[in-house]
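Structure, as structure tokens:
The values are calculated or read from the model by the stated rules, or taken from the named source; none is laboratory data. Computed from a predicted structure; not experimentally measured. Positions of Cβ are generated from backbone atoms using ideal geometry, with glycine treated the same way; all protein chains shown enter the neighbour counts.
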Amino acid sequence: MNRLKVGDLVQVISGKDKGKQGKVIKIVTDSDRVVVEGINTVTRNQKPTPRNQQGGQIKKDAPIHVSNVMPIDPTTGKPTRVKVKLETGEGGKITKTRVAKSGAAITAS
């Protein structure tokens, strides 16, 4: 089970955007990167195309390495490490839940 999911609120712990928070928009599993809303914004120069008639400079969120972000603990509001808790439900079915250091379950919104 991954420690991050799409929709999680995360905080950047290193790099130029250190201390900023945002929601995970996309996870790129093959390169261990995540795209976070409003973080690592880059400017691209785009030529006019039939789709984009005007062209010009476009701001876009670039991926950041997974190790540079931490999920936010829902109770304390601070970055936290994640552990996976196994629970046995009805019929012997095992469910996995992501849990913060405080013991609160982390849910993607």
**Request:** Kindly list, by first and then second residue, each pair from a residue in region 55-78 that is touching a residue at least 40 places away in the same chain (Cβ under 8 Å) to a residue that is among the small types (Gly, Ala, Ser) and in a loop (DSSP other than H, G, I, E, B), limited to pairs with Cβ atoms under 6 Å and residues at least 6 apart or on different chains.
**Result:** ASN68/SER14; ASN68/GLY15
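When the residues of region 54-109 are narrowed to those that are within 29 Å of THR43 (Cα to Cα) and β-branched (Val, Ile, Thr), which ends up modelled with the lowest pLDDT? Give the steps one after another, and end with the answer.
Here is the first cut: in region 54-109, the ones within 29 Å of THR43 (Cα to Cα) are 54-72, 79, 108-109.
Cutting the leftovers down to β-branched (Val, Ile, Thr) gives us 58, 64, 66, 69, 72.
On the way: ILE58: 90, ILE64: 97, VAL66: 96, VAL69: 96, ILE72: 95.
Applying the filter and picking the extreme gives ILE58.
Would you point out the residue of region 1-53, among those that are of a type in the set (S, T, N, Q) and assigned to a strand (DSSP E or B), that is modelled with the lowest pLDDT?
Within region 1-53, the first condition is being of a type in the set (S, T, N, Q), and the residues that meet it are 2, 11, 14, 21, 29, 31, 40-41, 43, 45-46, 49, 52-53.
When the remaining residues are screened for being assigned to a strand (DSSP E or B), the result is 11, 21, 41, 43, 45-46.
Working: GLN11: 97, GLN21: 96, THR41: 95, THR43: 96, ASN45: 94, GLN46: 91.
Only one residue fits best here, namely GLN46.
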**Request:** Report yes if some residue within region 44-63 is surrounded by 13 or more Cβ atoms within 10 Å (Cβ to Cβ) and closer than 22 Å to ARG81 by Cα; otherwise report no.
**Result:** yes
**Request:** Scan region 13-24 and give yes if some residue there is exposed (fewer than 12 other Cβ atoms within 10 Å of the Cβ) and free of Cβ contacts under 8 Å to residues at least 24 places away in the same chain, otherwise no.
**Result:** yes
**Complete:** In region 23-52, residues that are basic (Lys, Arg) and out of contact with any strand residue (DSSP E or B) (no Cβ under 8 Å at 6 or more places or on another chain) total 2
**Complete:** Condition set among the hydrophobic types (A, V, I, L, M, F, W, C) and assigned to a strand (DSSP E or B), scope region 86-109, selection surrounded by the most Cβ atoms within 10 Å (Cβ to Cβ): answer is ALA100
